[in-house]
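One structure below.
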Amino acid sequence: MKIQEIAKLAGVSPSTVSRVFSHHPNISEEIRERVFAISRQYAYHPRLSNKQRNVVIITPYQSVYPVQCCVEMILMALTRELPRRGFRLEILPQDNLERLDAIQFCAAAAIGVEPKDFQHWADRFSVPLVLLDREAELNSQEVYLVRSDEAQGMELALEHLYENGCRRIGCIIHGSPGTGNVDIRQDAIRRFLQKKGLPADHSLIYFGPDEAYLEIIGKLLRQKIDALFCPGGSGGILAAYALSLFGKQVPDDISLIASEQTFFSRYGIPPQTTITPDYQAMASAVADVIEDRISGRKHAVRTVLPYLLIRRESVRAASV
């Protein structure tokens, strides 16, 4: 189908259809909805202009950990990679999305937001939306996922502890069940521990907000753990502090792996072994999606990238 045919069916001019697809602000909502409805009915996938290089970065509007830590590090990578490829950026909090109707842009990338909030994206926009750091069932041709392999990341950390002789590993997963990547992480942790024949019951695997770490670590120490894995949020900082209050030394008494925190992990005492998403690879993947979409090339709906392990001094070496 051509743009002229959509214009005829919608009862508007081809130039009006072009303005709808380029998100021109001077288009009525009625015409916009009519054109989008016809394009969806006939599976029309508009070609984006190479001249339009504005990308909107959507961020959470509340500073909530662990989301905010991840947001900041992904945002840093995007602000390096996208301008290098000739894109201009606009940062937009999620509670100000109505502004999208008043600006022209060729793509959007949303960091640390819930996919359900964007399930009707294609009803309003004909440009790609890239959701970062989330998994979702997709029902829109314009939505793409770029995320880290959560199961691989959990296994990467636990395998490192196992290789260094840890056999009773306690875990605190930052967040609440049903949010973010929490459930994926729990399932992966339990599967790994069971595969290795290690204890994997509820007395060793917890969910935790910041204020609960001290209490949870007290419970884990009563379970005689020899290692602690704290994926997400500021778990590394909180765990190190809590262990010190209980008189435990890292790594002499307890080996510790957490998620990378740029401004703490390497400077902790001792410096912390961590897992981290490959933020630069994530930013490159976002740019690849946008460039392929602009050029009319097909791109995979999902891009899943491996975690990295940063080895420092918070895991005790296995006895020889």
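The values are calculated or read from the model by the stated rules, or taken from the named source; none is laboratory data. Predicted model only: the values in this text are computed from it and were never measured. Here the Cβ positions follow ideal geometry from the backbone for every residue, glycine too, while neighbour counts run over all protein chains shown. Quick note on the areas: whole protein, heavy atoms, side chains included, nothing else; ligands and nucleic acids left out. Shrake-Rupley method; radii C 1.70, N 1.55, O 1.52, S 1.80 Å.
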> How about the stretch 99-114: which of its residues are open to solvent by 20 Å² or more (accessible area, probe 1.4 Å) and either modelled with pLDDT of 90 or more or not hydrophobic (A, V, I, L, M, F, W, C) (or both)?
Replying inline: R99, D101, Q104, E114
>> Give all pairs with beta carbons closer than 8 Å in which a residue from the stretch 186-208 that is closer than 10 Å to E155 by Cβ meets a residue that is hydrophobic (A, V, I, L, M, F, W, C) and open to solvent by 20 Å² or more (accessible area, probe 1.4 Å); count only pairs at least 6 apart in sequence or on separate chains.
In response: A188/A151; R191/A151
>> For the stretch 265-276, which positions are open to solvent by less than 50 Å² (accessible area, probe 1.4 Å) and either more than 24 Å from E163 (Cβ to Cβ) or touching a Pro at 6+ places or on another chain (Cβ under 9 Å) (or both)?
In response: S265, P270, T273, I275
> Taking interchain pairs and intrachain pairs at least six residues apart, which have beta carbon atoms under 6 angstrom, with the first residue in the stretch 74-99 and among the charged types (D, E, K, R) and the second open to solvent by 60 Å² or more (accessible area, probe 1.4 Å)?
Replying inline: D95/Y61
> What tally of residues in the stretch 136-153 results from selecting those that are open to solvent by 20 Å² or more (accessible area, probe 1.4 Å) and among the charged types (D, E, K, R)?
Replying inline: 3
> In this structure, is F246 at pLDDT 95 or above, open to solvent by 50 Å² or more (accessible area, probe 1.4 Å) and more than 21 Å from E163 (Cα to Cα)?
Replying inline: yes
> Restricting the stretch 56-88 to residues that are crowded, with 17+ Cβ neighbours inside 10 Å and in a strand (DSSP E or B), which is modelled with the lowest pLDDT?
Replying inline: T59
> Among D123, D117, which is touching an Asp or Glu at 6+ places or on another chain (Cβ under 9 Å), surrounded by fewer than 24 Cβ atoms within 10 Å (Cβ to Cβ) and acidic (D, E)?
Replying inline: D123
>> Which numbered condition in (1) modelled with pLDDT of 80 or more; (2) not in a strand (DSSP E or B) is the only one that H45 fails?
In response: (1)
> Going through the stretch 231-258 one residue at a time, which ones are farther than 21 Å from L198 by Cβ and either of a type in the set (S, T, N, Q) or not in a loop (DSSP other than H, G, I, E, B) (or both)?
Replying inline: S234, G236, I237, L238, A240, Y241, A242, S244, L245, Q249
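One line per residue, one yes/no per condition, for (1) closer than 25 Å to V55 by Cβ; (2) of a type in the set (S, T, N, Q); (3) out of contact with any helix residue (DSSP H, G or I) (no Cβ under 6 Å at 6 or more places or on another chain); (4) surrounded by 23 or more Cβ atoms within 10 Å (Cβ to Cβ):
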{"site": "V130", "(1), (2), (3), (4)": "yes, no, no, yes"}
{"site": "R134", "(1), (2), (3), (4)": "yes, no, no, no"}
{"site": "Y162", "(1), (2), (3), (4)": "no, no, yes, no"}
{"site": "G170", "(1), (2), (3), (4)": "no, no, no, yes"}
{"site": "I173", "(1), (2), (3), (4)": "no, no, no, yes"}
{"site": "G197", "(1), (2), (3), (4)": "no, no, yes, no"}
{"site": "Y206", "(1), (2), (3), (4)": "no, no, no, no"}
> Does Q272 fit the bill of being more than 30 Å from V127 (Cβ to Cβ), polar (S, T, N, Q) and under 27 Å from the mean Cα position of the chain (by Cα)?
Replying inline: yes
>> So, in the stretch 299-314, how many residues would count as being touching an Asp or Glu at 6+ places or on another chain (Cβ under 7 Å) and either part of a loop (DSSP other than H, G, I, E, B) or at positive phi (or both)?
In response: 3
>> Which residue is surrounded by the most Cβ atoms within 10 Å (Cβ to Cβ), if the candidates are limited to the stretch 214-235 and must be at pLDDT below 95 and in contact with a strand residue (DSSP E or B) (Cβ under 7 Å, 6 or more places away or on another chain)?
In response: G235
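Does Q280 qualify as being within 30 Å of G86 (Cβ to Cβ) and either among the polar types (S, T, N, Q) or open to solvent by 60 Å² or more (accessible area, probe 1.4 Å) (or both)?
yes
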> Of these, I290, I275, which one is touching a residue at least 24 places away in the same chain (Cβ under 8 Å) and in a helix (DSSP H, G or I)?
Replying inline: I290
